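The next block holds one structure in the form of structure tokens; read it before the comments.
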Amino acid sequence: MRAQFVASEVGNGLRRNLTMTLAVIITVAVSLTLFGVSLLVRAQVDTMKDFWYDKVEVSIFLCAKGSDTASCAGGAVTEAQRDQIEADLESLRPLVQDIYYESQVEAFARFQEQFANSPIVDSVNESALPESFRVKLADPTQYDVVASAFSGRPGIEQVNDQRQVLDKFFRLLGGLQAIALIIAVVMLIVTVLLVVNTMRVAAFSRRRETGIMRLVGASNLYIQLPFLLEAAVSAGIGAILAVGGLVLAKSVVIDQILAPSFQFTAFVGWDAVIGIAPILLIVGIGLSGIAAFFTLRKYLRV
């Protein structure tokens, strides 16, 4: 009978404050969707980092005819210098995982393939592209070890780390992620304030019923329980809508739009969505329940 009474009170409360209930549901859904998207963006950045950092290489460009760096003052790299550089790279294993030598002929062929539809191909000849060693490191963060060992050596024009370019890109993504997270947090604060206001209105409109319950000996928890469940139900519906929005973003935006258009990188899988979904439910229901509980302690006094 008590459970039936509480359920009846929850249903009556939701109907009485239908407008406020809908406002809570919509606000929770929007704020949690933004929060979920920010978490999904974070997962996407981590996925891209794992994908690209696993592929980054250190490029050691050797001196060619006409190189104007101080280390190339002796002219193009000699065969002895080239062999010594390769031997020194081999000595850095297991830090150095793979070593690939690219001749000027191979560099020119790759250049023609990459810029096949560009007029720049006609203005570049084979001698303009230097030969190089492309080095894959077991730990890309240890680039400084290779740079310090080979930068400025005779026969070496330049040492480049692809990770430096990727770091700038991921810092940009990190900034966008932070902005999305800030917006989501602001929306969550708005949600809490809206729940507080809704509970205040509900407590005031039903003060007579709660007074009668107090007079017949009902406990504080029993009186507050219908209000807490109303907040939890509203937030739960909003959280479910937010999860639906996250599923829609994954299936439509990522799987159907981004993934086919940008096949050169990796995208988050459904495991990320499955991991975020319970977080949205817990955050939505938890914040609403806590806000309602402390509001009722203050305003539900008879």
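The values are calculated or read from the model by the stated rules, or taken from the named source; none is laboratory data. Since we're looking at a predicted model, the values are computed, not measured. Cβ coordinates were reconstructed from backbone atoms using ideal geometry, including for glycine residues, and neighbour counts include every protein chain displayed. Note: areas computed on protein heavy atoms with side chains; ligands, DNA, RNA excluded. Shrake-Rupley method; radii C 1.70, N 1.55, O 1.52, S 1.80 Å.
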*Does ILE26 satisfy being under 34 Å from the mean Cα position of the chain (by Cα), closer than 30 Å to ASN197 by Cβ, of a type in the set (A, V, I, L, M, F, W, C) and surrounded by fewer than 20 Cβ atoms within 10 Å (Cβ to Cβ)?*
yes
*Just one of the numbered conditions (1) open to solvent by 40 Å² or more (accessible area, probe 1.4 Å); (2) closer than 29 Å to LYS49 by Cα; (3) among the β-branched types (Val, Ile, Thr); (4) at pLDDT 80 or above is not true of VAL165; which one?*
(4)
_When you check THR198 against the structure, is it within 16 Å of ILE290 (Cα to Cα), hydroxyl-bearing (Ser, Thr, Tyr), at pLDDT below 80 and part of a helix (DSSP H, G or I), yes or no?_
yes
*asked:* Can you tell me which condition GLU86 does not meet? The list is (1) modelled with pLDDT of 85 or more; (2) assigned to a loop (DSSP other than H, G, I, E, B), and all the others hold.
replied: (2)
